[in-house]
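Okay, so here's the structure we're looking at.
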Amino acid sequence: MEGLRQLGYGYQENKFLVRFIRLWESCSFHTYYTTMINFILLDANNEQYWAIAPISERDRLLASVCEGFLYYITGFKIVAAQPSWKPIDSNITLVFGKTTKIIDYLFRSSIPRLRFSLCTWPTILSRANTNTVLSDVGGVIIDVGNIEYQSNDIKRVNLTLLDRSLSTIQVSLWGEKSHLFEVDFKDYRSKNVVLVVTGLLVKNRTGRIHLTSTQATSLYFNPECEEVRNLGGYVKATYGDFICQVPYKAQYQYHYFPEPSNRTPHLTLYELLLTGLWVYQKVFLS
């Protein structure tokens, strides 16, 4: 099947089947539009594409799109990708506009629901302070620390992940992204939790390499995808379990869930650190 990458630059009138796997809004002077909607698409050849649309098309396009669903797209342009600030490593960008149509596809497809371009440690090093391509990383969460609060709201959460090469990766989530981590992580506190984080910038400050969240960052806990399949089991076989024990009588986070219903009680991340309940066994990784 012909993929979008085989097409030339210019306007495309034919229909192409894709899955919309991520979407977000951004505002930057470094991009094609100052304020725009961003989409990551996946085609039948398992190729990822970055598509953008002006914010003026937001209501029309987003009324038709649900993340993770399949659609035909038509009436868009293919242009050369900008050299920097790209969410994926691609030489083309799809530009949606007033003539773009997104049409529901109601049949089965072999296009996977998720795909990531997880970076190895050498790739991360090569991208330090370059602001060229945003990076995706994945690994088992082995530490949650240095949580910063501002007016009782989380400002930053620092994570340490252990990837398939057994390299430790430092990730900082800021603002809204740190809130997403706290809300979602409570449902996945168990042994060897795998986290994939997308759309990160690589920073090198005083010789310390770490990745920091951007508007393009998304979080995926224990995702069902080939890139991290059996990663938790591999880490367990090598090092043992990385465990976050949470007592049953912990408090609910009423700020997010006014009705306790039947949710499993949990501690906030701040309480978790104070009680020293985050532990991991057999090896200490600094």
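Here is a list: Tyr72, Tyr49. Which entry is among the hydroxyl-bearing types (Ser, Thr, Tyr) and under 19 Å from the mean Cα position of the chain (by Cα)?
On the way: Tyr72 fails: under 19 Å from the mean Cα position of the chain (by Cα).
Checking each option against the conditions leaves just Tyr49.
Say we look at the stretch 193-207 and pick out the residues that are β-branched (Val, Ile, Thr) and outside any strand (DSSP E or B); which of these is most open to solvent (accessible area, probe 1.4 Å)?
Taking the stretch 193-207 and keeping what is β-branched (Val, Ile, Thr), we get 193-194, 196-198, 202, 206.
Those still in the list that are outside any strand (DSSP E or B) too: 193, 206.
Working: Val193: 7, Thr206: 148 Å².
Taking the candidates together, the pick is Thr206.
Tell me yes or no: at least one residue of the stretch 129-141 is more than 18 Å from the chain's Cα centre (by Cα), modelled with pLDDT under 90 and surrounded by fewer than 20 Cβ atoms within 10 Å (Cβ to Cβ).
Within the stretch 129-141, one or more residues are more than 18 Å from the chain's Cα centre (by Cα), modelled with pLDDT under 90 and surrounded by fewer than 20 Cβ atoms within 10 Å (Cβ to Cβ).
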- Find the residue count for the stretch 167-186, including only residues that are open to solvent by 40 Å² or more (accessible area, probe 1.4 Å) and touching a Phe, Trp or Tyr at 6+ places or on another chain (Cβ under 8 Å). 1
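Looking at the stretch 113-127, which of its residues are closer than 15 Å to Glu67 by Cβ and open to solvent by 50 Å² or more (accessible area, probe 1.4 Å)? So that I can check it myself, show each step before the final result.
First, pick out the residues of the stretch 113-127 that are closer than 15 Å to Glu67 by Cβ: 113-116.
Arg113, Arg115 - these are the residues of the stretch 113-127 that are closer than 15 Å to Glu67 by Cβ and open to solvent by 50 Å² or more (accessible area, probe 1.4 Å).
Report, by residue number, each residue of the stretch 226-248 that is in a loop (DSSP other than H, G, I, E, B) and either β-branched (Val, Ile, Thr) or modelled with pLDDT of 85 or more (or both).
Answer for the stretch 226-248, where residues must be in a loop (DSSP other than H, G, I, E, B) and either β-branched (Val, Ile, Thr) or modelled with pLDDT of 85 or more (or both): Arg229, Asn230, Val246.
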- Query: When the residues of the stretch 100-112 are filtered to those that are exposed (fewer than 15 other Cβ atoms within 10 Å of the Cβ) and not charged (D, E, K, R), which remaining residue is nearest to Val194 (Cα to Cα)?
  - Reply: Pro112
- Index of the failed condition, Asn91 passing every other in (1) open to solvent by 20 Å² or more (accessible area, probe 1.4 Å); (2) touching a residue at least 40 places away in the same chain (Cβ under 8 Å): (2)
- Message: List the residue pairs whose Cβ atoms are under 9 Å apart, where the first residue sits in the stretch 119-133 and is farther than 22 Å from Thr206 by Cβ, the second is among the aromatic types (Phe, Trp, Tyr) and at pLDDT below 90, and the two are 6 or more positions apart or on different chains.
- Response: Val133/Trp85
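Restricting attention to the stretch 208-220, does a residue exist that is open to solvent by less than 60 Å² (accessible area, probe 1.4 Å), among the basic types (Lys, Arg) and either under 15 Å from Leu159 (Cβ atoms) or within 16 Å of the chain's Cα centre (by Cα) (or both)? Working first, answer last.
If we filter the stretch 208-220 for residues that are open to solvent by less than 60 Å² (accessible area, probe 1.4 Å), which is where we start, we get 209-214, 216-220.
With the extra rule that they be among the basic types (Lys, Arg), the set shrinks to none.
No; the residues of the stretch 208-220 include none that is open to solvent by less than 60 Å² (accessible area, probe 1.4 Å), among the basic types (Lys, Arg) and either under 15 Å from Leu159 (Cβ atoms) or within 16 Å of the chain's Cα centre (by Cα) (or both).
The values are calculated or read from the model by the stated rules, or taken from the named source; none is laboratory data. Everything numeric in this text was worked out from a predicted model, so none of it was measured. For neighbour counting, all protein chains shown are included, and Cβ atoms are generated from backbone atoms with ideal geometry for every residue, glycine included. We work out accessible area using only protein heavy atoms, side chains counted, and drop any ligands, DNA or RNA first. Shrake-Rupley method; radii C 1.70, N 1.55, O 1.52, S 1.80 Å.
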